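What follows is a set of notes on a single structure, which appears directly below.
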Amino acid sequence: EKMFFKKLENGKYRYYEKYFDENLKKWRQVSVTMNSKSRVSQSEAKLRLTKKINSAQTKKETKNESITLSCIFEDWQKIRQEELKPSTLFIEKAGFSKFLKKFGSEEISNIESSHIQSFLLNSNLSSASRRLRRTQYNLFFTYAKSIGYIEKNPMERVVLPKEKKTLEDLKKKQNKFLNLDEMRFILEKNRPYERDVRKLLLYEFLFLTGLRIGEALGLQWEDIDFEKQTLSVQHTLNHLGVSEKERQLQTPKTVESYRTITLNNRCIEILNYFRTNLKDDSFVFVDKKGGIFGYVNLSSHFKKTCSVLGKETDERKYTLHMLRHSHISLLIEMGVPIKSIMERVGHSNEQMILRIYSHVTKKMNDDLAEKMRDFVI
């Protein structure tokens, strides 16, 4: 088979070549990583791949031995490690956990569309999670097909029921944000009892900027321009699969997430508090001992902080991400154009803004009622 290559995020090139394993009667693939795609590198890659294939072919393996789905998955993960950020890879692996328990020991050619469809329909996943799993599984089987392990991708015939929109879903979407009065109430009620004001200041900063929690925790002093009153989003702190203590910085969620936003006077006051009470020379939002805030600890604390509004219900959950929703809702109320909102919060898709945040808030309804009350032609 002809050698092919793919450019990696780190600028290097990974070369691949398929071959048919006579011992296992299966198509397999070998790969090597080179620094460039020059003719010299390609020649060297071809030589190394040929050696790998010859070495594999000379191994004595019994005819009864078969390659399981788990083995193919392990090969695929080596490639995915080069393609994905650590946090994304962690999520993807988690999505395959139960799938591998169910099908991992089977030969991939024995797995049919009906098996996967039944597995997904009998899972206790939401419609959105099922669709995500289908996408993840499809990527894996597409890889298996391209290598030659299977002739057809079973995911092509997996059919999931269409998502049914309910009144409960609508209420949940409308309750994914805090309005300005609620945020003020939360801060006023908690300040007298909060031993470490740093967390409350972080929540307020998220509400005023729309930063993702990872972007805020990854914020460093060098990203702040106090003179221009701007903030540059250059990194996000990974908390998936690693401890925040490791301070593993990775690229933002999307290309559009790289951005510079303006800060109001209150944001500058908050930053000045952390600068005056400096506990870390590099990172901005650290606790009073200089450690990075733990995501789980922050999430739990935020739920407790919001409890002054009432207990959580099935329709309303208090999450850190709702502060980002709240900022976007606030911008919509202020009449800020969608394009400007997208640039500020680092969204790449206008439809996403419209779909998730186009709910009409109570304040907007009240304003409309007030304007229409005395309107005449």
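The values are calculated or read from the model by the stated rules, or taken from the named source; none is laboratory data. Keep in mind that this is a model prediction, so the values were computed, not measured. All Cβ positions, even for glycine, are placed from backbone atoms using ideal geometry, and neighbour counts span all protein chains on display. Protein only, heavy atoms only, side chains kept; ligands, DNA and RNA dropped before computing areas. Shrake-Rupley method; radii C 1.70, N 1.55, O 1.52, S 1.80 Å.
Against the criterion of solvent-accessible heavy-atom surface with a 1.4 angstrom probe, Asp223, Asp75 sort, most first, into Asp75, Asp223.
Grab the beta carbon distance between Leu139 and Arg266, set R0 = 56 Å, and tell me the FRET efficiency rounded to 0.05. The formula returns an efficiency of 0.80 here. Straight-line cross-link partners of Lys339 among the aspartates and glutamates, defined as a Cα under 20 Å from its Cα and at least 8 positions apart when in the same chain: Glu256, Glu350.
With a Förster radius of 30 Å applied to the beta-carbon distance between Lys311 and Thr276, the computed FRET efficiency rounds to 0.25.
Sites listed here are GluC sites (Glu not before Pro) in segment 233-325 whose DSSP assignment is loop and whose Cβ has at most 16 other Cβ atoms within 10 Å: Glu312, Glu315. Can you bin segment 264-304 into rounded, prolate or oblate? Criterion: square roots of the alpha carbon gyration tensor eigenvalues sorted a ≥ b ≥ c, rounded for a/c under 1.5, prolate for a/b above b/c, oblate for the rest. Oblate, because a/c is 1.5 or more while a/b does not exceed b/c. Each principal axis of the Cα atoms in segment 192-268 has its own extent, and those three values, largest first, are 35, 32, 19 angstrom. Hey, if you drop one equal point scatterer on each alpha-carbon of segment 276-349 and run the Debye formula without solvent, what base-10 log of I(q)/I(0) do you get at q = 0.21 Å⁻¹? Reported log10 I(q)/I(0), two decimals: -1.00. For the chain, the longest principal axis of the alpha carbon atoms and the long axis of helix 265-276 meet at an angle near 70°. Largest accessible area first, the residues Thr305, Thr33 order themselves as Thr33, Thr305 under a 1.4 Å probe with ligands, DNA and RNA left out.
Where the accessible area of segment 175-248 is counted over protein heavy atoms with a 1.4 Å probe, how much of it, in %, is carbon and sulfur? Reported share for carbon and sulfur atoms: 44 percent. Anisotropy class assigned to segment 37-148 is oblate, per the alpha carbon gyration tensor with a/c at or over the 1.5 cut-off and a/b no larger than b/c. Which of rounded, prolate, oblate describes the chain, given a ≥ b ≥ c as roots of the alpha-carbon gyration tensor eigenvalues and a/c under 1.5 marking rounded, otherwise prolate only if a/b is larger than b/c? Taking the square roots of the gyration eigenvalues as a ≥ b ≥ c, the chain is prolate. Rounded to the nearest 10 degrees, the inclination of helix 69-83 to the longest alpha-carbon principal axis of the chain is 60 degrees. With θ taken as phi - 60° and the Karplus curve 6.51 cos²θ - 1.76 cosθ + 1.60 applied, the whole-hertz 3J(HN,Hα) list for segment 116-128 is 5, 4, 4, 4, 5, 5, 8, 7, 8, 9, 6, 4, 5 Hz, x standing for glycine and proline. Only protein heavy atoms count here; on that basis, with a 1.4 Å probe, Tyr16 has an accessible area of about 10 Å². With 25 Å as the limit, the listed pairs Lys46/Lys85; Lys93/Lys145; Lys25/Lys145; Lys6/Lys145; Lys78/Lys253; Lys6/Lys101 have Lys46/Lys85; Lys6/Lys101 beyond it between alpha carbons. Scaled against the 2.2 N^0.38 Å expected of a compact globular protein of N residues, the Cα radius of gyration of segment 181-340 reads 1.02.
Working note: Cα atoms of segment 74-140, range along each principal axis, descending, whole Å: 32, 28, 17. In the context of the full set of protein chains, residues of the chain present 59 Å² of accessible surface per residue (probe radius 1.4 Å, heavy atoms only). If you plug the beta carbon distance of Ser55 and Glu106 into 1/(1 + (r/R0)^6) with R0 = 30 Å, you get a FRET efficiency near 0.60.
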